[in-house]
Each structure stands twice: as structure tokens, then as C-alpha cells.
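Below is one structure, written out as C-alpha cells; the observations come after it.
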Amino acid sequence: MIEPISIRLEASSHCQLRCPACPTTDGSIDQVIGKGFLKADDFRTFLERNPSVRNIELSNYGEIFLNPQFLEILKIAHKRNVALAALNGVNLNNVSDEVLEALVKFRFREMTCSIDGASAETYRVYRVRGNFDRVTANVAKINQWKVTYRSRYPLLQWQFVVFRHNEHELPKARAWRKSSACTSPPSFPGPTRALSPTRRLYAVKWAPPPAPSTRSASGATTPRRFATSSGTGPR
């Protein structure tokens, strides 16, 4: 009998954004995954039947915070001492203040914040329908709740996928990162600029590069890296 410790569940296959390269936007995931939300009762039943599970990744093709029962899911996991994470990514555009507090209160472990820009004008080029000011305000609220509860959770990682249209904002992004309390730096090219989309057009088109390397010297995140590692463009 298989008794998994770590699993992935699709908390939501809906997303309110229309990011151009995302398979959720073009509907290509619908026939495989469908549209829906993880129900709190089903989540509770699953944990009762699988007591070995201790870690659950909730993010995949949709935005977890659109799930109307997400708060209850947080409570259930906390009560059973199950660690939740969203390392595949969240866009943080639509989250209630109650849920933002609950992320800290119920010790949601870690999440990747997908913010591909350091200004509203640049952010919305790829994160279509997104609101940069709302997203950064939600990050600030999470950090304030962490101070209130004296907690390090959730750990925040910043995903900044570099495109031609946002590369000029890297210095501004670095500065914002220092004040945003993200636990990892935004992902972007290092000094060599080897994977810069303005220098290497394949990084934007997600086509195979002329060299075998998939990362820059600094471990940069680029559109091409996401395509080769996950089979899709950046979420």
C-alpha cells in the first residue's frame, strides 16, 4: 500500500488573469483538468483517509485564492498539522483580508508570488487583467500580519520572469525586493545577461537555445526555463 507524505492537489483550476503564454488562458487544460475548486469536505475526507500525508502543494494551473472555501481548507490543514504551500505560483490579485491573515495565523508554509514587473504599466503587459498596486498591497498586508503573529510564515518567494518589456525595471525590482521581505531574490539574469530576452530572442519565444545551458550563472528565471522545465510558458 502506498502511503505518500507529499502530494499536489488542485485547489483551483480557475484564474482571473489572461497571461498570454498560460495554458489556462487558452483553455488547453480544460479537457484534462476541467474547471472547478477543491471542496473543503472533500479535502477533510482525503486527509482522514490518508493520514500519512504531511505536505500538500495547492497551486497548479489556477489561482488558489479564487476558491471560495480556501479559508476552511487552511483551518482543516492546520488542525491536522499538514503543511500547505503554493510554490507553483499565486497572482495575489483577489484575496480577502481574512484570508491574508489566515495565511499567517494557520502557518501556510510558502508561496511563490508571480510579479513580472516593478510598476503597474509593466506588470499588466503580461499579467493581463492584473492590478500591480493591489498585489503589492497584499504582500505588505501579509508581512504586517507576520509581525503581528511573530511568525516567519508564509515564506514569500518572488517570481520575476524577464521579458523584453520589463528588463529595464530590474534595478527597481531589486530595490522593491529589499522592502517586500521576500525570502529569495527576484529571478532574473545576472551580470552576464546571457539569457536576457533583449539579447537572446529565443528566451521570449521559448525555442531551444543555441547553447545547452538552461540557466544563467545566477540561476535566472526566464520564459525559456519555464518552457523546458514544465512544458508551458510562465504562469
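The values are calculated or read from the model by the stated rules, or taken from the named source; none is laboratory data. For clarity, every value in this text was computed on a predicted model and none was experimentally measured. Cβ placement follows ideal geometry from the backbone for every residue including glycine, while neighbour counts extend to all protein chains displayed.
Considering (1) out of contact with any helix residue (DSSP H, G or I) (no Cβ under 8 Å at 6 or more places or on another chain); (2) under 30 Å from residue 83 (Cβ atoms); (3) modelled with pLDDT under 85, say which one residue 155 fails and leave the rest.
Every condition holds for residue 155 apart from (3).
Write out, first by first residue and then by second, each pair whose Cβ atoms fall under 7 Å of each other, whose residues are 6+ apart or on separate chains, and whose first residue, in region 96-116, is closer than 20 Å to residue 134 by Cα while the second is in a loop (DSSP other than H, G, I, E, B) and of a type in the set (Gly, Ala, Ser).
From residues that are closer than 20 Å to residue 134 by Cα, the pairs are 104/151.
Checking the structure you have, find out if any residue of region 165-187 is crowded, with 17+ Cβ neighbours inside 10 Å, small (Gly, Ala, Ser), in a strand (DSSP E or B) and at pLDDT below 95.
Within region 165-187, none of the residues are crowded, with 17+ Cβ neighbours inside 10 Å, small (Gly, Ala, Ser), in a strand (DSSP E or B) and at pLDDT below 95.
For region 78-108, give me each residue that is more than 19 Å from residue 40 (Cβ to Cβ) and of a type in the set (D, E, K, R).
Hit for region 78-108 is 97, nothing else.
Do we find a residue being part of a helix (DSSP H, G or I), among the acidic types (Asp, Glu) and modelled with pLDDT under 95 anywhere in region 129-136?
Going residue by residue through region 129-136, those that are part of a helix (DSSP H, G or I) are 132-136.
Within this subset, residues satisfying the condition of being among the acidic types (Asp, Glu) are 133.
From what is left, the residues that are modelled with pLDDT under 95 are none.
Looking for residues that are part of a helix (DSSP H, G or I), among the acidic types (Asp, Glu) and modelled with pLDDT under 95, one finds none in region 129-136, hence no.
Quick check on my filter: what residues within region 27-38 are over 27 Å from residue 53 (Cβ atoms) and surrounded by fewer than 12 Cβ atoms within 10 Å (Cβ to Cβ)? Give the derivation first.
Our first condition is that a residue be over 27 Å from residue 53 (Cβ atoms); within region 27-38, this holds for 27-28, 30-31.
Passing the criteria: 27, 31.
Under 7 Å between Cβ atoms, which residue pairs at least 6 apart in sequence (or on different chains) link something in region 1-12 that is more than 23 Å from residue 32 (Cα to Cα) and acidic (Asp, Glu) with a partner that is in a loop (DSSP other than H, G, I, E, B) and modelled with pLDDT of 95 or more?
3/52
Tell me, yes or no, whether region 52-61 has at least one residue that is over 17 Å from the mean Cα position of the chain (by Cα) and in a helix (DSSP H, G or I).
Checked against the condition, which is being over 17 Å from the mean Cα position of the chain (by Cα) and in a helix (DSSP H, G or I), region 52-61 yields no hits at all.
Inspect region 37-47 for any residue being at pLDDT 95 or above, assigned to a strand (DSSP E or B), of a type outside the set (Asp, Glu) and in contact with a Pro (Cβ under 9 Å, 6 or more places away or on another chain) and give the result as yes or no. Lay out the reasoning, then the answer.
Here is the first cut: in region 37-47, the residues at pLDDT 95 or above are 37-47.
Retained after the next criterion (residues that are assigned to a strand (DSSP E or B)): 37.
The next check asks that each one be of a type outside the set (Asp, Glu); those that pass are 37.
With the extra rule that they be in contact with a Pro (Cβ under 9 Å, 6 or more places away or on another chain), the set shrinks to 37.
Yes - at least one qualifying residue is present in region 37-47.
Going residue by residue through region 84-94, is there one that turns out to be buried (at least 17 other Cβ atoms within 10 Å of the Cβ), farther than 29 Å from residue 163 by Cβ and in contact with a strand residue (DSSP E or B) (Cβ under 6 Å, 6 or more places away or on another chain)?
From region 84-94, those buried (at least 17 other Cβ atoms within 10 Å of the Cβ) are 84-86, 88-93; that's our starting set.
Going one step further and asking which of them are farther than 29 Å from residue 163 by Cβ, we end up with 84.
So of that shortlist, the ones also in contact with a strand residue (DSSP E or B) (Cβ under 6 Å, 6 or more places away or on another chain) come out as 84.
Yes, region 84-94 contains a residue that is buried (at least 17 other Cβ atoms within 10 Å of the Cβ), farther than 29 Å from residue 163 by Cβ and in contact with a strand residue (DSSP E or B) (Cβ under 6 Å, 6 or more places away or on another chain).
For the condition surrounded by fewer than 17 Cβ atoms within 10 Å (Cβ to Cβ), within 17 Å of the chain's Cα centre (by Cα) and either modelled with pLDDT under 95 or β-branched (Val, Ile, Thr) (or both), what is the one hit in 4, 20? Give the derivation first.
Numbers: 4 fails: within 17 Å of the chain's Cα centre (by Cα).
Every option except 20 fails the conditions.
Here's the yes/no breakdown for (1) modelled with pLDDT of 50 or more; (2) within 19 Å of residue 89 (Cα to Cα):
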residue: 125; (1), (2): yes, yes
residue: 194; (1), (2): no, no
residue: 205; (1), (2): no, no
residue: 213; (1), (2): no, no
residue: 228; (1), (2): no, yes
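Anything in region 65-76 that is touching a helix residue (DSSP H, G or I) at 6+ places or on another chain (Cβ under 9 Å) and outside any helix (DSSP H, G or I)? List them, or say none.
Matches in region 65-76: 67, 69.
Tell me yes or no: at least one residue of region 145-160 is farther than 29 Å from residue 43 by Cα and crowded, with 20+ Cβ neighbours inside 10 Å.
Yes: one or more hits.
Search region 77-100 for residues being part of a helix (DSSP H, G or I) and not aliphatic (A, V, I, L, M), and hand back the single one that is nearest to residue 10 (Cα to Cα). Break it down stepwise before answering.
Of the residues in region 77-100, the ones part of a helix (DSSP H, G or I) are 77-79, 97-100.
Now narrow it down to the ones that are not aliphatic (A, V, I, L, M): 78-79, 97-98.
On the way: 78: 18, 79: 20, 97: 23, 98: 22 Å.
Among them, the one singled out is 78.
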